[in-house]
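The values are calculated or read from the model by the stated rules, or taken from the named source; none is laboratory data. The shown structure was predicted, so the numbers you read here are calculated from the model rather than taken from an experiment. Here the Cβ positions follow ideal geometry from the backbone for every residue, glycine too, while neighbour counts run over all protein chains shown.
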């Protein structure tokens, strides 16, 4: 694309939209910027972009007649009225992810799935660098692709965590290695049905060619169907069966019949689940990393922020931040890993999900002693809790929820924030929610 004769409209001015706008301005494009939100961070970003030459859009009426390319931040749905108008005019619509990946030829390892994306992406980034493969990390981990272009150009590989929001607006995004970890219902407020959600996720494998690799979860029936959609080389991982890829046999991890290491070696528990571990090993083997370096990099992994992260201990009560738990399956995983009596904090933005299985898991757990719900999803959760005869306590705001959870706990207990939904009712993102949880806990 020749940028100097194009006029762009960038919608959404948080991290992704801000960095996309800066990139386009640097390339000499005419850039219009818009965000309906009036938060401090959005206004600060907008003013900086205007100082660099961007044009502020107050009213979107007729903007499709002025701009010939629309660039979307992940938060803007592909079926929004503005996108429909641009498409009717046969104007190009790009997501920030695709705009970024158009700028380099560095091989891409793209990781998606409902749960485990950040852990797997972070471990791969660490392991590849330790193996001497210079690798950058970007995407849904909180680092926009367009902010890392020069670093990525100078790297041997880039690991991108990719969400359904990002994949929704891709058309020619082709990773060298795609990884699909798992799929459970999520973001139904945006994708409407699980089938639509899965269709969006499949866009990570569909454009791949015969020279690329698709690392797929053999144990997930939906992910399994993705193999039929792509000509890429299929590398499976399974916790249950011997597959053409990574699997478990007699307590050892294997890759294509090669015994690698014992499953319980070192601190592998920090990868959180065997599924993540097997996916990571498959990618590292594809990338030619030696077995010893695979094990040493996994053994040295200490976890990621906001994912079952110990914050502090107050009066014998341990506060655990799992703010990255943004769907029921993630919260269920956290519940199943509990070792101590726990007061659980749930709730946030209402994504229209069914929380029945979550409360079934809570009811069957011998570690959950109390549950506190808050946020816009609270009443949906209360309804599901009532059906399963699970007693819960409602808190009107997040601060009250954390304070109440502490009062319900006693020495030797945990207070676990594992919300099972996203944060957008009260916070910009799950990081801000986790940071607020940590602040409250430490101030007690």
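Screening residue 336 with (1) modelled with pLDDT of 90 or more; (2) under 23 Å from the mean Cα position of the chain (by Cα) gives one miss only, at (1).
Taken as a whole, the structure places residue 91 among residues that are touching a helix residue (DSSP H, G or I) at 6+ places or on another chain (Cβ under 7 Å), within 26 Å of residue 6 (Cβ to Cβ) and not assigned by TED's automatic domain parsing to the domain that holds residue 191. If you go through the range 12-48, how many residues are in contact with a strand residue (DSSP E or B) (Cβ under 8 Å, 6 or more places away or on another chain) and either assigned to a loop (DSSP other than H, G, I, E, B) or more than 22 Å from residue 431 (Cβ to Cβ) (or both)? So the count comes out to 11. Please find, within the range 351-378, the residue that is nearest to residue 419 (Cα to Cα) out of those that are over 22 Å from the mean Cα position of the chain (by Cα) and in a helix (DSSP H, G or I). It comes out as 378.
The rows are residues; the columns are (1) surrounded by fewer than 18 Cβ atoms within 10 Å (Cβ to Cβ); (2) over 30 Å from residue 352 (Cα atoms).
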| position | (1), (2) |
| --- | --- |
| 192 | yes, no |
| 208 | no, yes |
| 223 | no, no |
| 231 | yes, yes |
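Among the residues that make up the range 392-401, is at least one of them assigned to a strand (DSSP E or B) and in the same structural domain as residue 434 (by TED's automatic domain parsing)? Among the residues of the range 392-401, at least one is assigned to a strand (DSSP E or B) and in the same structural domain as residue 434 (by TED's automatic domain parsing), which makes the answer yes. Filtering 360, 415, 343, 372 for residues that are farther than 25 Å from residue 310 by Cβ and at pLDDT 95 or above leaves a single hit, 360. Residue 58 satisfies every condition listed in (1) within 18 Å of residue 140 (Cα to Cα); (2) out of contact with any helix residue (DSSP H, G or I) (no Cβ under 6 Å at 6 or more places or on another chain) except (1). Listed conditions (1) crowded, with 20+ Cβ neighbours inside 10 Å; (2) over 26 Å from residue 156 (Cα atoms); (3) at pLDDT 90 or above are all met by residue 257, apart from (1).
Taking the listed residues 121, 147, 80, 51, the one that is surrounded by 18 or more Cβ atoms within 10 Å (Cβ to Cβ) and out of contact with any strand residue (DSSP E or B) (no Cβ under 7 Å at 6 or more places or on another chain) is 147, with no other qualifying. Residue 162 falls short of the stated requirement of being under 26 Å from residue 277 (Cβ atoms), surrounded by fewer than 21 Cβ atoms within 10 Å (Cβ to Cβ), under 14 Å from the mean Cα position of the chain (by Cα) and not assigned by TED's automatic domain parsing to the domain that holds residue 24. Can you find a residue that is touching a residue at least 24 places away in the same chain (Cβ under 8 Å) and either in a helix (DSSP H, G or I) or farther than 30 Å from residue 178 by Cα (or both) anywhere in the range 68-79? Within the range 68-79, one or more residues are touching a residue at least 24 places away in the same chain (Cβ under 8 Å) and either in a helix (DSSP H, G or I) or farther than 30 Å from residue 178 by Cα (or both).
Of the listed requirements (1) out of contact with any helix residue (DSSP H, G or I) (no Cβ under 7 Å at 6 or more places or on another chain); (2) modelled with pLDDT of 90 or more; (3) crowded, with 20+ Cβ neighbours inside 10 Å, residue 316 misses just one: (3). Of the residues in the range 219-232, not one is touching a residue at least 60 places away in the same chain (Cβ under 8 Å) and either in a strand (DSSP E or B) or touching a helix residue (DSSP H, G or I) at 6+ places or on another chain (Cβ under 7 Å) (or both).
The sole residue among 169, 178 that is touching a strand residue (DSSP E or B) at 6+ places or on another chain (Cβ under 6 Å), closer than 16 Å to residue 225 by Cβ and in the same structural domain as residue 114 (by TED's automatic domain parsing) is 178.
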